[in-house]
Amino acid sequence: MTQATTPALAGMLSPWARFWLNNKGTIIGCGILVVLMIVFPFTASSTAMNIVVFAMIFALPAIGLNLLMGLAGQVSLGQAAFFAIGAYTHAIMLTKLHLPGPVAATIGVLAAMLVAFLVGLPIMRLRGHYLALATLGLGFIVMIGVREWDVTGRTTGIYGIARPTVLGVPIDNNGFFLWFLTPFVVIGLILALNLTRSRAGRALSAVNDSELAAESLGVNTYALRLKVFVLSAGFAGLGGVFYAYQVAIVSPATAEFHLSVSILLMVVIGGLGSVWGAVAGAFLVQFLGEGMRDAIPAIFPGATGEVQLLGYGIVLILVILLLPGGLHQAATSLWAKLPFPGRRPPADAHAQATEDDFTIPILPNVSTPVALGEPILEISGLTKRYGGVVAVNEVNLTVPAGTILGLIGPNGAGKTTCFNMISGALVPTSGTVTFLGQVISGRKPNVAASHGLTRTFQNLQVFTSTDVVGNVYMGRYRQGTAGVLRGMLGLQSAEQTAHRAAAYEILESMRLTDAADDSASDLSFGKQRMMEVCRALAAEPALLLLDEPMAGLSGAEREVMAELLRRLRSAGLTIVLVEHDVAQVMSLADHVAVLDDGVLIAHGDPESVRNDPAVVVAYLGTDLDEAEADLNELEEHV
């Protein structure tokens, strides 16, 4: 939806119209896929049918891996392990325990998810190549386990897996099996697409862009990634179930490393973060694999076995070099170049504001959990050491509710380090931070955010994967309740509509509504700074930490920012402000604290701090006696 229809027109539409508007791409795409799968068995050769069936089977683990890599940003090389667990468990339930097919299939999927949960508890704390290596190790453990365990048939595997019968019709050929498989793939597609657009999906995309910023808005990144890891394993396990039905045998080949490489290739070729890309990648890799079986022996006479991996490796390298965004990038780039009527150019984010208009159209909601003047933040003995270097040393501060505290000091004084310890981004060496009576020091930023503390950053942390309103929308994460399951089922449209409307209103307070639907990365540095403030305000914080919010702003934008802060304070919001513009801090703050070399050298009202000799020394570089003499001489002249 465009800005013209969101959110004002959305509230005027009927529920069915809103459903169509929000899901028309999914409905059309799934409809086309279903029609193609219905028609294909009547027109295709047996070879093509076999390729398409396997493509649909492997689309399931590819969708799961795409959610994990493209959405959660976690690289896994063990998807074949969960594929094998689903296939083997299903086969054991059918052939040894003689359970009904649906029950056996359900147990197979749940087994893959259970193993993922148990394994994910420790390894989802890892990042980057460490996680990739851990999942690779899991794949080898499963592969060796099924080869050596009597229950899994060792190297011979499990035979005699009969295809199911549906409503009395035996699924005894590839055409019927494709029709039997298609609804499950379509449902998996819909669930995955819903998840990408949900509260949890937006949070995962934000984590992928900036984990620190997402946690500072209340996202528990570890728990969310663990859930997606388990969900990804469930998709792989379901693919294993259908694989067992299709080949009627489950052997150790289902757990081999090259299968994980093949699934990874599907995701990369399709495009990380694109669910449809994962499906397209599955089809392309299956047809590519069939071609390699003929091409590799022709290029390398006598080549057999795993030499096919050579072709996969070459294709993977070419895709990364030439088309890093995969088929999804190519399609979206082509779509953007098509001359559709009515497509608007990027907006000037402040076209609606005049240079001398500093009014705030709409004031964002603020939280005031304690009476004005009561302590809301208490810092006691806060210290941070890096080896022999003391960045912050024994800082003690109390911030009354409903006030602005300015934290100033020369470059390298320890202001941002102090901010990071307050918000949870850094663990203090010693000392405590107490917010609303709760000790939050040494805990993750999402803990502080859950109590109503949020922040902006000296070095901008922009969610570049979404638009401007999407960034501010993420600020509403703490106000939402929908989790992964509700998101997959699409049961949060009312919540999303309300939060999106709130995001537009907050953008209006900083005069950014004209750029709401533009990519966040297209904004100038100053506009991104203002957008980040809007994102923090969207969380309706009780305490707002602003790290150099004036940096990069024009003169008019500075005045708008200053007026916003004054009005927020009047509304009861508590603000702690780090800023290099000392004059602006002195005009805004009720209290000013000064750090120098990590030590709190002054704390009081702006006037007394301005005239403190120790502050003059810190900023001018003179010694204390000269500073006191200069101040005495100034007072005599006055």
Q) Tally Lys/Arg at +1 and Asp/Glu at -1 over every other residue whose Cβ is under 9 Å from the Cβ of N393; what's the total? A) 0
Q) So how do Y243, Y222, Y504, Y88 line up by other beta-carbon neighbours within 10 Å, fewest first? A) Y222, Y504, Y243, Y88
Q: For A602, list long-range residues whose amide hydrogen, built 1.01 Å from N in the peptide plane, is under 5 Å from its own amide hydrogen.
A: V594
Q) Using modelled backbone amide H atoms (1.01 Å from N, in-plane), which distant-in-sequence or interchain residues come within less than 5 Å of S430's amide H? A) T383
Q: Could you please state, rounded to a whole Å, how far the C-alpha centre of the stretch 37-62 is from the C-alpha centre of the stretch 240-285?
A: 13
Q. Of the listed peptides 491-497, 204-210, what is their order by residue-averaged count of other C-beta atoms within 10 Å, with the highest listed first?
A. 204-210, 491-497
Q: List the residues of the stretch 258-278 whose backbone N lies under 15 Å from a point placed 7 Å from the Cα of A331 along the Cα-to-Cβ direction.
A: 266-278
**Q.** Normalised contact order of the chain, rounded percent, pairs of Cα under 8 Å and 6 or more residues apart
**A.** 16
Q | Neighbour net charge for V146 - beta-carbon separation under 15 angstrom, K R +1, D E -1 | A | 0
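Treating the beta-carbon of each Lys and Arg as +1 and of each Asp and Glu as -1, no other charges, what is the dipole magnitude of the chain about its Cα centre, to the nearest 20 debye?
Working: 36 positive and 48 negative charges, 806 e Å.
Once rounded to the nearest 20, the dipole reads 3880 debye.
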Q: May I ask you to sort E148, E559 by Cβ crowding, counting other Cβ atoms within 10 Å and putting the fewest first?
A: E148, E559
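Expressed as a rounded percentage, what relative contact order does the stretch 38-111 have, with Cα pairs under 8 Å and six or more residues apart?
Details: 35 pairs, mean separation 15.0, N = 74.
RCO, the stretch 38-111: 20 percent.
Please state the shape class of the stretch 22-259: rounded when a/c is under 1.5, otherwise prolate if a/b exceeds b/c and oblate if not, all from the C-alpha gyration tensor.
It is oblate, given that a/c is not under 1.5 and a/b is not larger than b/c.
With a 10 Å radius around each residue's Cβ, average the other Cβ atoms per peptide and rank 324-334, 72-82, highest first. Spell out each step's value before the answer.
Working: 324-334: 16.0, 72-82: 27.5.
Ranked by mean Cβ neighbours within 10 Å, highest first: 72-82, 324-334.
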Q) Gap in Å between the Cα centre of the stretch 536-584 and the Cα centre of the stretch 166-195? A) 54
Q: Enumerate the calculated ³J(HN,Hα) couplings along the stretch 221-236 in order (Karplus 6.51 cos²θ - 1.76 cosθ + 1.60, θ = phi - 60°), each rounded to whole Hz, writing x wherever the residue is Gly or Pro.
A: 5, 5, 5, 5, 5, 4, 4, 6, 4, 5, 5, 4, 5, x, 4, 5
Q. Alpha carbon centre of the stretch 360-408 versus the stretch 99-163: separation in Å?
A. 49
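Would you work out the relative contact order for the stretch 22-259, in percent, from Cα pairs under 8 angstrom that are 6 or more residues apart?
Numbers: 334 pairs, mean separation 96.7, N = 238.
So the answer I get is 41 percent.
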Q: With θ set to phi - 60°, apply the Karplus curve 6.51 cos²θ - 1.76 cosθ + 1.60 along the stretch 472-479 and write out the HN-Hα couplings as whole Hz, x wherever there is a Gly or Pro.
A: 5, 4, 4, x, 7, 4, 5, 7
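Apply the a/c threshold of 1.5 to the C-alpha gyration tensor of the stretch 425-559 and tell me whether it is rounded, prolate or oblate. Please report the intermediate quantities before stating the final value.
On the way: a/c = 2.02, a/b = 1.09, b/c = 1.85.
Since a/c reaches 1.5 but b/c is at least a/b, the shape of the stretch 425-559 is classed as oblate.
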Q.
Suppose we keep just the DSSP beta bridges with both residues in the chain; what percent of those would be antiparallel, to 5?
A. 60
(Q) I need the phi-derived Karplus couplings for the stretch 506-523: 6.51 cos²θ - 1.76 cosθ + 1.60, θ = phi - 60°, integer Hz, Gly and Pro marked x. (A) 5, 4, 5, 5, 10, 6, 10, 5, 5, 9, 4, 9, 8, 4, 4, 6, 7, 6
Q. Is the chain best put as rounded, prolate or oblate by its Cα gyration tensor, with a ≥ b ≥ c the root eigenvalues, rounded for a/c under 1.5, and otherwise prolate when a/b is larger than b/c, oblate when not?
A. prolate
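Can you put C30, C418 in order of Cβ neighbours within 10 angstrom, beginning with the fewest?
Working: C30 19, C418 29.
The fewest-first ordering by Cβ neighbours comes to C30, C418.
Bear in mind that the values in this text are calculations on the coordinates, not laboratory data. Just so it is clear, the model here is predicted, and its values are computed rather than measured. So basically every Cβ, Gly included, is an ideal-geometry build from the backbone, and we count neighbours across all protein chains shown.
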